[in-house]
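Each reported figure results from applying straightforward, stated rules to the coordinates on display, with no laboratory input. No experiment lies behind these values; they were computed from the predicted model shown. Ideal geometry is used to build each Cβ from the backbone, glycine not excepted, and the neighbour counts take in all protein chains shown.
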Amino acid sequence: MNVTVIRVSMFEGKSYDAMKPLIFPIIASLTPETVKIDYLDDRIETLPEYLSSDMVVLSFDTFSAKRAYQLARRYKREDNLVVLGGFHASMLPDEAADYGDVVLVGDAEDTWPLLIEDALKGEVKPRYSSKGDCELSYIDPNHSSFKGKRYQKIGVVQFSRGCKFGCDFCSIKAMYPHQVRQKNIELMVREIKETKERLFFFIDDNLFLNEETTLRLLQALKQCKKRWACQISIDIAMNDKLLKLMKESGCLLVLIGFESLDAGNLKHMKKVANLATQYEEAIKNIYKHGLMIYATFVLGYDEDTNESFEATFRFAMKHHFAVANFNPLIPMPGTALYKRLEEENRLIYKAWWTNSQCCYGDTVYEPKKLTPSELREGCKKIRYQFYGIKNIIKRMLGNPLHLRPFHLGVYLILNIISAIEIRRKQGKQLGGGRDEVSINQTKHREKRT
């Protein structure tokens, strides 16, 4: 049996910020040698118009859903199977089922082996659902599926799945509602040591579940002698013991979700850790330990006004963040936020991910104190400002951390790529411009049945 696995992009065109997708080596480790697999990454390579594979597997998130459904139709034949998986298919399996033969819900570890076993017997089921309790096993960081593909020169590893917090806009809790699972530390160290890149990134949504495990992980990382970055919650910012050990073990940069400067918005978000932390003190303490900051903000919550954009921009410039995201609030399916906006009849497009009018950066709901266009243009303006040449230089010179030899290279690469990608994506229609999804959905479903 021949299988083609595709990591789907939001739209056609080369991405400059694509990192290695761990789903490739995960699937490879779960597949018998008698099954031949080809791996394609839609973000960095041109997909063929036709595939002769017995099975075509599409892995995608919500922003990539429209294109995934387009590709499902492109590659469907009478004698093959189209399989849909990934975050979006897991959140909306009934929708995904309209475009494929099989839907994988949740983790691949306990769904993919069953699918392959049934496919070899010719007894495939329409849906395979994960129990969400599988162990996190070894992932080959240098898998052959990555060869010949131009990814970012940064390694990718995962220590845990899930998050201990439950922010109302975040889709992670919806995807992993149960207990956070962590990988065996010895396995994690093995992967990191084998990673070819000098710098690697933990893709965990929050690396630190509890202090005891974190301390053991950081002590183990010392022996790897590599630089790394991760995402943390802001409550870690005042833990000197952890921050000191992070730096000693090679940490270079931390990604922190500040999200909003307004306490009312933070309450709506259920950002408990942020409400209990003074931002100024937290930032000062992180810098004291020699760590750069990648800050993220969400704009468009109920207390935000036109003044919020400039205030957020000034805050980011004042603290000379190495990188910052200024994101318009997007209600993701399966989240408490989406449900609330739907109940309040504030969604402009219910299924915005397949709507032919929806573009990257658009507002898909009715804000309370802003118009949809004000939110879109406000985020766009401060994104462009933050990554303007003058402000990149100003932030670089304003923070001595950015001028350290290894730090400087990372800083410049991150800012150049961010500036390019923001302009490449802003205003671009999801799916790449082809309106194939809404038109033929019913016809496709009937034909497939």
Only Lys, Arg (+1) and Asp, Glu (-1) charged, at Cβ; region 321-430 dipole about Cα centre in debye: 400 debye
On Cα atoms only, tilt of 437-448 relative to the major axis of the chain in degrees: 40 degrees
Entries of LYS226/LYS390; LYS149/LYS193; LYS131/LYS173; LYS20/LYS193 with Cα pairs more than 25 Å apart: LYS226/LYS390
Distance between region 96-119 and region 1-48 - C-alpha centres, whole angstrom: 16 Å
Three-way shape call for region 1-138 based on the alpha-carbon gyration tensor, with the a/c threshold at 1.5: rounded
Relative contact order computed over region 2-132 (Cα-Cα under 8 Å; 6+ residues apart), in percent: 24 percent
Helix axis angle, 112-121 relative to the chain longest principal axis, alpha carbon, degrees: 10 degrees
Shape call, region 331-380: gyration tensor on alpha carbons, a/c limit 1.5: oblate
Cα-based convex hull, region 144-289, per residue volume (Å³, whole number): 129 Å³
Value of D in µm² per second that Stokes-Einstein yields for region 77-139, Kirkwood Rh from Cα pairs, at 10 °C (1.306 mPa s): 131 µm²/s
Cα centroid of region 268-343 to Cα centroid of region 189-231, whole Å: 25 Å
Protection proxy ranking, peptides 353-359, 66-72, 214-220, 167-173, average beta carbon neighbours within 10 Å, highest first: 66-72, 167-173, 353-359, 214-220
Taking the chain and dividing mean pair separation by its residue count, relative contact order in percent (alpha carbons under 8 Å, at least six apart): 14 percent
Leading residue at positive end of dipole, the chain (Cβ point charges), from LEU30, SER233, TYR151: TYR151
Total charge dipole magnitude, region 153-425, about the Cα centre, Cβ charges on Lys, Arg, Asp, Glu only, Debye to nearest 20: 1120 debye
Unit charges on C-beta of K, R, D, E only; dipole of region 112-176, Debye: 340 debye
Cysteines, the chain, no other Cys beta-carbon under 4.7 Å: CYS134, CYS163, CYS224, CYS230, CYS251, CYS358, CYS359, CYS379
Cα gyration tensor shape of the chain, rounded if a/c is under 1.5, else prolate or oblate by comparing a/b with b/c: oblate
Proximal aspartates and glutamates to LYS196, defined as alpha-carbon separation beneath 16 angstrom and excluding residues fewer than eight positions away on the same chain: ASP140
